[in-house]
Structure formats: structure tokens, C-alpha cells
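Below: one structure, written as C-alpha cells.
The values are calculated or read from the model by the stated rules, or taken from the named source; none is laboratory data. Here the structure is a predicted model, which means the values were calculated and not measured. No Cβ is skipped: glycine too gets one built from the backbone with ideal geometry, and neighbour counts run over all protein chains shown. We work out accessible area using only protein heavy atoms, side chains counted, and drop any ligands, DNA or RNA first. Shrake-Rupley method; radii C 1.70, N 1.55, O 1.52, S 1.80 Å.
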Amino acid sequence: MRNANPWKAAVAAGVLLLAVACGSGGGTDGGGAAERKSVGKGEGRVDIIAWAGYAEDGSNDPKADWVHPFEKQTGCKVNTKTAGTSDEMVSLMKTGQYDTVSASGDATLRLIAAGDVAPVNTRLVPNYRDIFSGLKMRPFNSKDGKMYGIPHGRGANLLMYRTDKVSPAPDSWKAVFDGAAKYAGKVTAYDSPIYIADAALYLMKTRPALGIKDPYALDRTQLDAAVALLKKQRQQIGEYWSDYQKEVTAFKGGDSVVGTTWQVIANTAAAEKAPVKAVLPEEGATGWSDTWMVSAKAAHPNCAYKWLDWIVSPKVNAQVAEYFGEAPANAKACEETADPRHCAVYHADDEAYYRRVHFWTTPVPQCLDGRRNVKCTDYAEWTRAWTEIKG
């Protein structure tokens, strides 16, 4: 998606219903190619699937161009396919026509399970050593002790409210769930099946008897409880959002007064004189972290590895983080940002902050919280539930 600036639409409702285990590999254990042992001379091109704003070549903004310098340095011509949703990325990677993808956590496990991506040999990506430790070997980007990609950036899903309409200032997700009736018709929420995790996180803190330990690991009873909460919330929702500019407009005009947001949206709305603030609620929050993954069928693996190292190098990672509106993954990128406050605003080096963030992870039948005596619900079930919630 692209408006004044590029931000991901992520998973939109009503798109492809992809089961976690489906994919070109057809398996459920990630039977993709083995990790590479070395990086040789580039093949002359690399085919990329990326969120808008991640592979800029100056055509959208002359000041934003980290593609042409890469091409000049490596001889690898970049061919970019911009994707609007995680489901689209998963579908495109199944074709085997792309070398690398900037997948979010709601897609990564699907790609691994399908065998569509290969483990990444981090020793072949020199800049990996400077990636924040909190992004390495996470449930959404690794499996069986192997990294399946190189972390790119991260952000939290925050609670935003209009300071002139919402009082007292909220510090809990109660404002959009149990307390939502107070703002009937003015509540907004993210339009995606993965938003079910936000309800699960709230229930994890407010209804401990449900036994939720991980908002992405829900058995049938736990999913039903989250769905019931979201159906109740649906009665108070004015509109769901996936386009960041539409949310900015809604808060500026007063059509929305409280709901989920990203830091960059809050910054944009405030810059456009909307009386808004955004907070990380007391229960914590969900969030997203993107990972550059390499196709198991990559036709240009050497150029793909060169791209991975380039895109997370300090200067380039800083450029992307500022342009896109996120915390960079490379710790040294904070020394390269044009705005010296960027990393502070996005809590880039605040691991205590991100320990309160539950990053998007694809729901799978094997419970991610470690339970072995129960089957958890998968992403396909969440997608069906989301359609039911929205009616």
C-alpha cells in the first residue's frame, strides 16, 4: 500500500484462506532446501517480494533509494514485487519464482511449514552479528535451532485515543473491549484474523482461568472465548482499519476516538494536528517483526544473500526504518538515522519494552506454548472465525 508514505496492509480480511500446512512442499515440518555453505559471485539479479517501502529505488521519493547503490556494488539487478498482505506473500512464494521475501510473523511459520523457505546461514550475513539479540532465534523466525531469516525491523500495536474525547486517559485494553460501550460507534480495530491475538492477550490478563499462556496458541475453548469477546466488541466498532491513512483521517475527524494503532500512525496523526496519544497498555501488546527469508527454490541465492546483508547493514537499515516508520533491527543503525531521536521514539534498543510485546506468530496446531495434550487452532480456523466475527 502506498499513500503519502508506505506502510503494510498486512493480512486483510477476505483474502486467501491458507492453512498453515499448505504450500508447494505440502508438508508440515519445513522440508525445504538446506542452508547454504558459502556465497559466491552474484547471478546478476534478485527477485524480491517486499512490503511497500522496503525496497525503494527513488521512483517514489528521490531521497529514498537504497536499491541502485546495491545494484552498483553487487551487480545484482533488483526486481521487486510489492505485496499488500501476508497471505499474498505466502501465495507468491509458493510459485518458486522469487528469491527472498520480507515476511511478517503471521506468514513466516506458514512458509517454513510448507518447505517454501530454507534455513539461513547467518555466518554468511556479516551484519547479522549486530542485530538486536531480542530478535534472534524467536518462535516466529526460527525452527529446531535454526534461523530461517534475517530480522529487519519491529513495532508494537499500540492503543491510540483522542485526548479530548477519551477520559480518563486509558492505560488498558479494557477501553476497546469491556469498556468499549462508552465509545460506541467510535472504536476502531485492526482488520485481520491476527487481531484475534489482541483479544486473547486481554483475556490472558483478565480471565486467567482460561489458561491462555500465549495469545497465538489457543485451543478451541480459548479461541471461542476470544471470538465471543470480539463479537461483543463488534457492536461498538465504527470501522476496522488496514490502511494507515484512513485511520489518521478517522481520528482527525472524530469518527474514531480509541483503538489499535502503530507508532508511525500516531506520529502522523499528531503531526496533522489530531489531539491523539498512543500508549503501550498495562497488559502489554501484540506487535510485528519482519524477517527476510530465502526461497528454498531460489534461482539467485548468491544475490539473495547479498541483499540480506545489504538491507540490514547499519546505514540502509536506518534509511528503511525511518522511511517506513519502525524500529531498525541492526543496533548500529541507530547511529545512522537522520533523526537522532528515531530509535528512542520507536524503542529500538529497549528490550524491556519489547519483552511486553507478543510478536505476530502464525497459529499452528502444535501449541506454541508447549502444551502436548491438546490441539491448538490454526490460522485457517482463525480466518474463518474472523469472517464470522465481522458478519
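Which one is most open to solvent (accessible area, probe 1.4 Å), of the residues in the stretch 342-361 that are over 26 Å from residue 218 (Cβ atoms) and in contact (Cβ under 8 Å) with a residue 12 or more places away in the chain? Out of the qualifying residues, it is 349.
Of everything listed in (1) buried (at least 20 other Cβ atoms within 10 Å of the Cβ); (2) of a type outside the set (Gly, Ala, Ser); (3) modelled with pLDDT of 85 or more, the single unmet condition for residue 8 is (3).
Every condition in (1) farther than 16 Å from residue 131 by Cα; (2) open to solvent by less than 10 Å² (accessible area, probe 1.4 Å); (3) touching a helix residue (DSSP H, G or I) at 6+ places or on another chain (Cβ under 8 Å); (4) among the hydrophobic types (A, V, I, L, M, F, W, C) holds for residue 364 except the one numbered (2).
Against the test of being polar (S, T, N, Q) and over 22 Å from residue 376 (Cα atoms), the options 236, 222 yield a single qualifying residue, 236. Residues in the stretch 59-76 that are among the hydroxyl-bearing types (Ser, Thr, Tyr) and in contact with a Gly (Cβ under 6 Å, 6 or more places away or on another chain): 1 in all. Restricting the search to the stretch 318-341, which residues are open to solvent by less than 10 Å² (accessible area, probe 1.4 Å), farther than 22 Å from residue 137 by Cβ and free of Cβ contacts under 8 Å to residues at least 60 places away in the same chain? The answer is 318, and nothing else. Out of 319, 233, one residue alone is polar (S, T, N, Q) and out of contact with any helix residue (DSSP H, G or I) (no Cβ under 8 Å at 6 or more places or on another chain). It is 319.
Here's the yes/no breakdown for (1) open to solvent by 20 Å² or more (accessible area, probe 1.4 Å); (2) in a helix (DSSP H, G or I); (3) without any contact (Cβ under 8 Å) to a residue 60 or more places away in the chain:
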site	(1), (2), (3)
185	yes, no, yes
194	no, yes, no
209	yes, yes, yes
223	no, yes, no
252	yes, yes, yes
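Can you pull out every residue in the stretch 34-87 that is assigned to a helix (DSSP H, G or I), of a type in the set (Asp, Glu) and without any contact (Cβ under 8 Å) to a residue 12 or more places away in the chain?
71
With out of contact with any Pro (no Cβ under 6 Å at 6 or more places or on another chain), over 30 Å from residue 56 (Cβ atoms), in a helix (DSSP H, G or I) and open to solvent by 50 Å² or more (accessible area, probe 1.4 Å) as the only criterion, which of 213, 231, 315 stands out?
Sole residue among the options that is out of contact with any Pro (no Cβ under 6 Å at 6 or more places or on another chain), over 30 Å from residue 56 (Cβ atoms), in a helix (DSSP H, G or I) and open to solvent by 50 Å² or more (accessible area, probe 1.4 Å): 231.
You will find that of 203, 159, 218, the residue that is open to solvent by less than 60 Å² (accessible area, probe 1.4 Å) and free of Cβ contacts under 8 Å to residues at least 60 places away in the same chain is 203 and no other.
Filtered by the rule that a residue be in a loop (DSSP other than H, G, I, E, B), hydroxyl-bearing (Ser, Thr, Tyr) and over 25 Å from residue 202 (Cα atoms), the stretch 318-373 gives a lone residue, 337. Checking 151, 126, 119 one by one, the residue that is open to solvent by 20 Å² or more (accessible area, probe 1.4 Å) and of a type outside the set (A, V, I, L, M) is 126 and no other. Listed conditions (1) within 27 Å of residue 261 (Cβ to Cβ); (2) surrounded by fewer than 23 Cβ atoms within 10 Å (Cβ to Cβ) are all met by residue 81, apart from (1).
For beta carbons closer than 7 Å, sequence separation of 6+ or different chains, a first residue in the stretch 164-180 that is on the phi < 0 side of the Ramachandran plot and a second that is open to solvent by 20 Å² or more (accessible area, probe 1.4 Å) and in a loop (DSSP other than H, G, I, E, B), the qualifying pairs are 164/275; 171/282; 172/282; 180/236.
So, of the residues in the stretch 367-391 that are among the hydrophobic types (A, V, I, L, M, F, W, C) and open to solvent by 40 Å² or more (accessible area, probe 1.4 Å), which turns out to be nearest to residue 289 (Cα to Cα)?
Across the stretch 367-391, the extreme among qualifying residues is 368.
For residue 136, indicate whether it is among the basic types (Lys, Arg), within 21 Å of the chain's Cα centre (by Cα) and open to solvent by less than 60 Å² (accessible area, probe 1.4 Å). Yes: the conditions hold for residue 136.
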